[in-house]
Amino acid sequence: MSVTEEPIGLPDHLPETLDVDCETSGNDELWLRVAADGFEKAARTLSDAGARFVTVLLAGSPERALMAVFALRGDLVVLRAPLGADEAPPLPSLGAWLPAARWAERELVERFYPERMGQSGRWLTRPDASQLDGRVTGLDVFSLPFGPVRSGVFEAIQFLIETGGEDVLRLETRPFFKHRGLEARLVGLAPERAVHVVERIAGIASVAYASAFSQAVERALNVEPPARAQRWRAVHAELERIACHLDVIAKEAETTALYVGQARFQLLKEQTMRIRAALTGSRFGRGVVVPGGVRFDGRMGLDDLLGQLDSLERDLRRDRRLFLGTASMTDRLIGAGQLERELVERYGAVGPVARGSGISTDARHERPYGDYRRLGLRVSTARDGDAMARVNVRFGELAESLRILRQSVDHLRRRDGALIVPYPRDGSGAAFGWSEAPQGELVIWVEVHNGLVQRAHVASPSLRNWALFDHAFPKDVLTDFAFIEHSFGLTPAGADR
Amino acid sequence: MLEWILRGLAKGRITTRYPHAPERPAPGFVGPLVLLDPDDAPSQLPAVCPTGAITVEDGHVNVDRGRCILCGDCVRAAPDRFAFSERYESAARSRSALVLGAESEAPVRPVLGEQAGALRRSVHVRHIDCGSDGSEEWEIQALWNPYYDIQRLGFFLTAAPRHADILLVTGGVTTAMRAPLERTWEVMPEPKALVAVGTDACSGGLAAGGDEVAGGVDQVLPVDVYIPGSPPAPVTILDGLLQAVGLVNPQGAVA
């Protein structure tokens, strides 16, 4: 990221009261510089102007700085407070008034400035399964710790449910049981090796993570991957989205004991996983997307791929009609886990969770990257904000993904070209990369120094959306828990990292 | 509802006959790593591997499948030496048996089938995630889909560890999951078996060596069956489960 010396004027859509220097504008990004003591005020002004909080991080390049990242009208707005070598950042300063920033900021403070945590309360990033503190009191109220050992084959996360038996009076989501320290593992690795780690941050969204990371490295080192590579990235990413959405729908069917429906959607998912294995050798599309492009063409013929997509779509259309026509299924989803639009905005939620509450946010549309600049996208939204709306959004996206896949295959058929471009092996730079993972917008900050990753920060959709889960039971009872959890469709691995 | 049932029936039988009939991956599948040529290796060869799965001693190569994350860096660097297998099966009954070309030690316990023969046809399985990337859970769940239908072999999922015969562990055991893992294992009745699913569970994988991950389940509890892979395919996991109860032996023959 090159930073111009002379400040430039603020773009019109930013409030005039914002007291910052505009450093760069354009290319989907807007960089604003602010003094450390004006950081909180500027962040508040941005938030009041409708900017959606994305993440907060400590950067080391181009100089040491505290950065808060927002999204405003699709652009990334980076608020940067440069710090001296030993200067401590103004933390915590956001979480107290901005719910969306609470976890991200807390994580940063606990990692780098644990002494500021004081004596108060528990650690977010060092959870203890046996430590419970219910806050609701009253007749027959009890606390139900659910997890980290779940019932069934699920990832580790804990929920502390306080209930009077039926109503969920208070819910507390406790992530970070599976914090593996993967951001730290990236440090010192060459980008093409670091991508192995990135693919395993959230294994069910490997392609989205590899794409966002590769894009960050490419932008940092000023490399543009070839068009054919971008097409293949879109193909692998859309297949990944289909698999993730089918997984959510199969789990919803399982929860209502609609076993034939569950079996049908599981089969469609298995079919998708096999298409991915035939294309890449990996059922999760790993090992293809690398900084600079993709490693190889899909290993399955394009006609064969189209044939498989046809059969998938045919089956999906029938099963969708049956699913949506089964009252025992839809009755449980309609009205469950209703999220008001205003609440969703305050928490900066992304992905199907936000789109289910009528917010049309999708990184593929807001900041089109790679092939999405050419493909065009119809963003699926629903207004009701309940579990049904989130499932409907996914059905809409399944159809849209299949359309994108056909279009990409058509493009791939028409033109040949390079798959990968070399990038400078000893280059330096820093940049954001992003992608729309099946769970929502993913943003990765990467600093590369002399060809090695020096720092990385992952703003995962799962962590951001999970903060909202505590509020997803406005008038729901304990037995709705599984429906609402599945409708979020998140992965603890992505949140915990 | 009738329409659902008809829809199910219309598809016909799709379930695999594994292990009574073999399952082979499609060409190009990234299966377990195999060593084509173990001799005369240059001493810098181990550097191609991001997890230290490749070691060279006096020019002789050892490959530890328990560390291999199937990234393919070695296959691209030395295609005459390394390749991906055309078989799914790679589970082993001891950690050292995962090292290609090394002597394998005896398993920690006899298989469940030897301890209680009656168990063989009704085995209850419990899963615990101790820090996986989430993909292992998908592949375990897939075993209960109509294609693999593991219930036909007598495996059932149970929610309570007190009812479980087999504990499937994914992930390399993070600090926060260590106590829940020990407690889950402790309350399971004897005889019981512990199966490590995935390279992370076998050795910690890419997360090993950091402050957060123990570096494999066997750093915490004794493991009966190791199933390497990042993630292992459903058939690979199925083979490991069948080995844990003694329905197949490590050579893949149906007992």
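The values are calculated or read from the model by the stated rules, or taken from the named source; none is laboratory data. Only a predicted model underlies this, so the values are computations on that prediction, with no experimental measurement involved. Reconstructed Cβ throughout: ideal geometry from the backbone, glycine too, with neighbour counts over all protein chains shown.
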If we scan region B:113-129, do we find a residue that is among the small types (G, A, S) and crowded, with 18+ Cβ neighbours inside 10 Å? yes
If the requirement is being at positive phi, out of contact with any Gly (no Cβ under 8 Å at 6 or more places or on another chain) and at pLDDT 85 or above, which of these qualifies: A:G152, A:G188, A:G74? A:G188
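Consider A:L91 carefully, then state whether it is part of a loop (DSSP other than H, G, I, E, B), within 19 Å of A:L108 (Cα to Cα), modelled with pLDDT under 85 and of a type outside the set (S, T, Y). Step through it out loud before you land on a result.
Details: part of a loop (DSSP other than H, G, I, E, B): yes; within 19 Å of A:L108 (Cα to Cα): yes; modelled with pLDDT under 85: yes; of a type outside the set (S, T, Y): yes.
When the stated conditions are applied, A:L91 passes them.
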Residue that is farthest from B:A208 (Cα to Cα), among those in region A:177-188 that are crowded, with 21+ Cβ neighbours inside 10 Å and facing chain B (nearest Cβ under 7 Å): A:F177
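Got a sec? Which of A:D75, A:D48 is under 16 Å from A:E23 (Cα atoms) and charged (D, E, K, R)?
Details: A:D48 fails: under 16 Å from A:E23 (Cα atoms).
Checking each option against the conditions leaves just A:D75.
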Determine whether A:A253 is part of a helix (DSSP H, G or I), out of contact with any strand residue (DSSP E or B) (no Cβ under 6 Å at 6 or more places or on another chain), facing another protein chain (nearest Cβ under 9 Å) and at pLDDT below 95. no
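Residue by residue, here is whether (1) closer than 27 Å to B:I140 by Cα; (2) in a loop (DSSP other than H, G, I, E, B); (3) in contact (Cβ under 8 Å) with a residue 12 or more places away in the chain holds:
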site: A:R193; (1), (2), (3): no, no, no
site: A:I201; (1), (2), (3): yes, yes, yes
site: A:A208; (1), (2), (3): yes, no, yes
site: A:S211; (1), (2), (3): yes, no, yes
From the list A:G351, A:G285, which residue is over 30 Å from B:G28 (Cα atoms), buried (at least 21 other Cβ atoms within 10 Å of the Cβ) and at pLDDT 90 or above? A:G351
Within region A:404-421, residues at pLDDT 90 or above and either more than 17 Å from A:R233 (Cβ to Cβ) or among the polar types (S, T, N, Q) (or both) come out as A:Q407, A:S408
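Could you grab me the full set of residues in region A:116-131 that are more than 14 Å from chain B (Cβ to nearest Cβ) and in a loop (DSSP other than H, G, I, E, B)?
Within region A:116-131, the subset more than 14 Å from chain B (Cβ to nearest Cβ) is A:116-121.
Matches in region A:116-131: A:G118, A:Q119, A:S120, A:G121.
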Listed by first then second residue, the pairs whose first member lies in region A:442-469 and is closer than 21 Å to A:M67 by Cα, whose partner is among the polar types (S, T, N, Q) and buried (at least 22 other Cβ atoms within 10 Å of the Cβ), with beta carbons under 6 Å and at least 6 positions apart or on separate chains, are A:L442/A:S435; A:A459/A:T55; A:P461/A:Q439; A:S462/A:Q439; A:S462/A:T491
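Please work out which residue is nearest to the other protein chains (Cβ to nearest Cβ), limiting yourself to region B:221-245 and to residues that are part of a loop (DSSP other than H, G, I, E, B) and in contact with a Pro (Cβ under 8 Å, 6 or more places away or on another chain). Talk me through it step by step, then tell me what you get.
We begin by selecting, within region B:221-245, every residue part of a loop (DSSP other than H, G, I, E, B); these are B:221-224, B:228-233.
Going one step further and asking which of them are in contact with a Pro (Cβ under 8 Å, 6 or more places away or on another chain), we end up with B:224, B:228-229, B:233.
Numbers: B:D224: 19, B:P228: 14, B:G229: 10, B:A233: 7 Å.
Restricting to residues being part of a loop (DSSP other than H, G, I, E, B) and in contact with a Pro (Cβ under 8 Å, 6 or more places away or on another chain), the top hit is B:A233.
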For region B:38-47, how many residues meet the condition of being buried (at least 17 other Cβ atoms within 10 Å of the Cβ) and either at positive phi or under 27 Å from the mean Cα position of the chain (by Cα) (or both)? 1
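Those residues that are in a helix (DSSP H, G or I) and within 22 Å of A:V290 (Cβ to Cβ), I need them from region A:405-416; list them, please. Talk me through it step by step, then tell me what you get.
Going residue by residue through region A:405-416, those that are in a helix (DSSP H, G or I) are A:405-414.
Correct list: A:L405, A:S408, A:V409, A:H411, A:L412.
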With the requirement that a residue be more than 20 Å from the chain's Cα centre (by Cα), within 7 Å of chain A (Cβ to nearest Cβ) and closer than 27 Å to B:N62 by Cβ, what does region B:5-36 give you? B:G28
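Examine region B:153-163 for a residue that is within 26 Å of A:D247 (Cα to Cα), part of a helix (DSSP H, G or I), among the hydrophobic types (A, V, I, L, M, F, W, C) and more than 8 Å from chain A (Cβ to nearest Cβ), and state whether such a residue exists.
The initial filter retains those residues of region B:153-163 that are within 26 Å of A:D247 (Cα to Cα), namely B:153-161.
With the extra rule that they be part of a helix (DSSP H, G or I), the set shrinks to B:153, B:161.
Right, trim to among the hydrophobic types (A, V, I, L, M, F, W, C) and you get B:153.
Those still in the list that are more than 8 Å from chain A (Cβ to nearest Cβ) too: B:153.
For region B:153-163, residues within 26 Å of A:D247 (Cα to Cα), part of a helix (DSSP H, G or I), among the hydrophobic types (A, V, I, L, M, F, W, C) and more than 8 Å from chain A (Cβ to nearest Cβ): present.
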Being more than 7 Å from chain A (Cβ to nearest Cβ) and hydroxyl-bearing (S, T, Y): is that true of B:T184 here? no
Within the bounds of region A:140-150, is there any residue that is over 25 Å from the mean Cα position of the chain (by Cα), assigned to a loop (DSSP other than H, G, I, E, B) and of a type in the set (S, T, Y)? no
Those helices (runs of 4 or more DSSP H) completely within region B:49-143 that have 2 or more residues that are over 30 Å from A:P175 (Cα atoms) and within 12 Å of chain A (Cβ to nearest Cβ) are B:73-77
Name every residue in region A:198-241 that is small (G, A, S), buried (at least 24 other Cβ atoms within 10 Å of the Cβ) and farther than 22 Å from A:Q439 by Cβ, in order of residue number. A:A220, A:A229
Do you know which residues across region A:189-213 are hydroxyl-bearing (S, T, Y), in contact with a Lys or Arg (Cβ under 8 Å, 6 or more places away or on another chain) and more than 9 Å from chain B (Cβ to nearest Cβ)? A:S211
May I ask you to verify whether A:L339 is touching a Ser or Thr at 6+ places or on another chain (Cβ under 9 Å) and more than 25 Å from A:A212 (Cβ to Cβ)? yes
Quick check on A:L246: is it assigned to a helix (DSSP H, G or I) and without any contact (Cβ under 8 Å) to a residue 60 or more places away in the chain? no
Among the residues of region A:187-194, is any over 20 Å from A:Q454 (Cα atoms) and among the β-branched types (V, I, T)? no
Considering only region A:135-155, I want to know if a residue exists there that is β-branched (V, I, T), more than 30 Å from A:E224 (Cα to Cα) and buried (at least 22 other Cβ atoms within 10 Å of the Cβ). yes
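Can you confirm whether region A:256-270 contains a residue that is under 30 Å from A:F432 (Cβ atoms), in the same structural domain as A:F323 (by TED's automatic domain parsing) and modelled with pLDDT of 90 or more?
The first filter runs over region A:256-270 and keeps only residues under 30 Å from A:F432 (Cβ atoms), leaving none.
Checking region A:256-270: not a single residue is under 30 Å from A:F432 (Cβ atoms), in the same structural domain as A:F323 (by TED's automatic domain parsing) and modelled with pLDDT of 90 or more.
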Give the residues of region A:248-268 that are buried (at least 24 other Cβ atoms within 10 Å of the Cβ) and acidic (D, E), sorted by residue number. A:E252
Taking the condition of being more than 25 Å from A:R403 (Cβ to Cβ) and either outside the structural domain of A:N465 (by TED's automatic domain parsing) or aromatic (F, W, Y) (or both), how many residues in region A:317-360 meet it? 1
Pair list, Cβ < 6 Å and 6+ apart or interchain, from region A:146-173 residues that are within 14 Å of chain B (Cβ to nearest Cβ) and without any contact (Cβ under 8 Å) to a residue 60 or more places away in the chain to residues that are surrounded by 20 or more Cβ atoms within 10 Å (Cβ to Cβ) and of a type in the set (K, R): A:Q158/A:R174
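Are any residues in region A:219-248 charged (D, E, K, R) and closer than 29 Å to A:V353 by Cβ, and if so, which ones? Let's see the steps before the verdict.
Keep residues of region A:219-248 that are charged (D, E, K, R), which gives A:219, A:224, A:228, A:231, A:233, A:238, A:240-241, A:247.
The answer is A:R219, A:R231, A:R233, A:E238, A:E240, A:R241, A:D247.
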